[in-house]
1. Of all the residues that make up region 294-343, how many are part of a strand (DSSP E or B), free of Cβ contacts under 8 Å to residues at least 60 places away in the same chain and of a type in the set (A, V, I, L, M)?
2. Would region 366-385 turn up any residue that is surrounded by fewer than 18 Cβ atoms within 10 Å (Cβ to Cβ), assigned to a loop (DSSP other than H, G, I, E, B) and in contact with a Ser or Thr (Cβ under 7 Å, 6 or more places away or on another chain)?
3. Quick one: would you say Asp30 is free of Cβ contacts under 8 Å to residues at least 24 places away in the same chain, of a type outside the set (Phe, Trp, Tyr) and surrounded by fewer than 19 Cβ atoms within 10 Å (Cβ to Cβ)?
4. Is it the case that some residue within region 268-282 is part of a strand (DSSP E or B) and modelled with pLDDT of 95 or more?
5. Name the single residue, out of those in region 386-406 being part of a loop (DSSP other than H, G, I, E, B) and of a type outside the set (Asp, Glu), that is surrounded by the most Cβ atoms within 10 Å (Cβ to Cβ).
6. Among residues belonging to region 334-365 that are under 29 Å from Ala201 (Cβ atoms) and acidic (Asp, Glu), point out the one that is surrounded by the fewest Cβ atoms within 10 Å (Cβ to Cβ).
7. Kindly list the number of the only condition in (1) without any contact (Cβ under 8 Å) to a residue 24 or more places away in the chain; (2) surrounded by fewer than 12 Cβ atoms within 10 Å (Cβ to Cβ) that fails for Glu48.
8. Of the residues Leu196, Leu209, which is surrounded by 17 or more Cβ atoms within 10 Å (Cβ to Cβ), at pLDDT 95 or above, of a type in the set (A, V, I, L, M) and over 20 Å from Ser237 (Cα atoms)?
Amino acid sequence: MDYLTQPIDPTSASDLEAGGLRLTLVDTADPAAFDGWIRADFRGFHGERPKDEVLEEARGYLGGRRTTGVYDDAIPAREPVGTVNSWVAPLTVPGGERVGSWAISSVTVAPTHRRRGIARALLGGELRTAHALGVPLAILTVSESVIYGRWGFGPATFATAWNVDTKRVRWAGAETPGRLSFAEPEEYRETGERVLDAVMAGRPGEIGLEPYLAHRLIGPLKGSSDADKYRLVRYDSPSGEPEGFVSYVVKGDDDFTRHTVEVNYLAAATDEALTALWRYLLDLDLVATVKVWTRGVDEPLPALVSDIRGARVTDLEDHLWVRILDVPAALQARTYERDGSLVLHVTDDLGLAAGRFRLTVADGRAEVAPTDDAADVTLPVASLGSVYLGHDLARGLGLAGRIQGDVGALGRLFRTAVPPRLSTWF
């Protein structure tokens with residue numbers, strides 16, 4: 001699948017051209033052109049203007065992505081007024097298979113060019129390109145949750161943030177065998193990538209990480225704030241197998257006994273690694289607070305501390321959004337914990353995945369075929385994306401009118417005992 005050289009979507013290109021704008025693939029082998037795109041991307045998320053070392057590192061990491069820009073040739077700047085990049089990432093689905101998914105990132109529109117159809121062209125073009133290449137679904141993480149439903153994306157995983165008062169709680173979990181040790185990020189990267197791959201393969205909703213996404217979890221990249229304060233602790237099993245790590249920053253307080261630990265990432269491929277790393281964080285001396293983000297909705301932390309109120313969820317947000325592009329391929333890729341049969345009538349404003357399909361599950365595996373039979377359930381493609389990974393969302397979507405028909409049967413068939421999770425951003 002040569003997604004890097006797939007032509008620009010002609011519909012989006014034509015729509016933008018009518019408004020005096022040009023949609024094009026960025027030549028990532030041209031440092032000046034690529035740097036202009038990277039600066040526009042940083043600007044779109046209100047980041048600092050990247051220094052030369054940051055630009056050089058970004059070119060190395062991001063050169064393998066399909067990089068698209070929108071340009072206004074009436075202005076002299078080489079920086080685009082709209083950006084997006086994409087690549088095919090393996091998404092773990094229920095049952096453990098990893099499905100190639102069209103990952104979309106860096107969607108920005110310059111504030112000088114709002115309301116000119118740039119976002120519509122960028123997102124529509126990405127989805128039509130992925131569909132033409134036969135990719136069964138698209139995925140993204142969002143900075144704003146009100147935008148992407150109009151393109152058929154639905155929230156499919158949720159992330160929690162935690163604030164732990166370590167002066168209030170004591171460890172109440174089991175003994176933690178294995179070995180903890182400090183490591184240097186540069187030396188640990190190859191091992192850390194293997195650990196991350198095991199983490200990502202072990203939970204529906206996680207994605208396989210390219211080097212850029214993996215390395216920023218292990219240690220700081222160029223230009224990272226507090227880079228000199230990063231610490232990395234690895235966990236190895238009693239037999240010496242690498243199974244986890246935690247990267248974090250310690251921030252000071254007027255009271256030297258009350259530092260705050262901000263966790264960059266906690267990777268645990270096994271339960272033993274998870275408990276050992278949590279215990280390490282909670283037992284740190286001269287620390288009063290531990291803050292952690294992008295954990296699952298079923299994080300077991302309350303059971304591991306002596307005072308459940310000392311470990312608080314401070315945020316619960318939608319995280320991974322899923323957009324189905326090929327209903328039979330997507331539904332047949334995952335497994336199911338219950339057998340059954342339903343006729344699904346899927347609507348899609350973009351016309352990419354619309355149709356009526358009979359879903360038949362036997363021994364956990366699905367067969368999906370077009371049908372003219374009466375529908376048991378009618379739902380927009382965004383709602384199908386929301387239930388696809390197993391989160392128990394069908395009832396709420398039914399109450400909201402976004403699933404109609406036998407909502408209970410749909411929920412029982414699609415949901416999984418362990419909720420999906422995505423523990424990073426992309």
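1. Result for region 294-343: 1.
2. no
3. Here the answer is yes, as Asp30 does meet what is asked.
4. Looking for residues that are part of a strand (DSSP E or B) and modelled with pLDDT of 95 or more, one finds at least one in region 268-282, hence yes.
5. Leu389
6. Applying the filter and picking the extreme gives Asp363.
7. Unmet condition: (1).
8. Leu209
The values are calculated or read from the model by the stated rules, or taken from the named source; none is laboratory data. Everything numeric in this text was worked out from a predicted model, so none of it was measured. Counting neighbours? That spans all protein chains shown, and the Cβs are built from the backbone with ideal geometry, glycine included.
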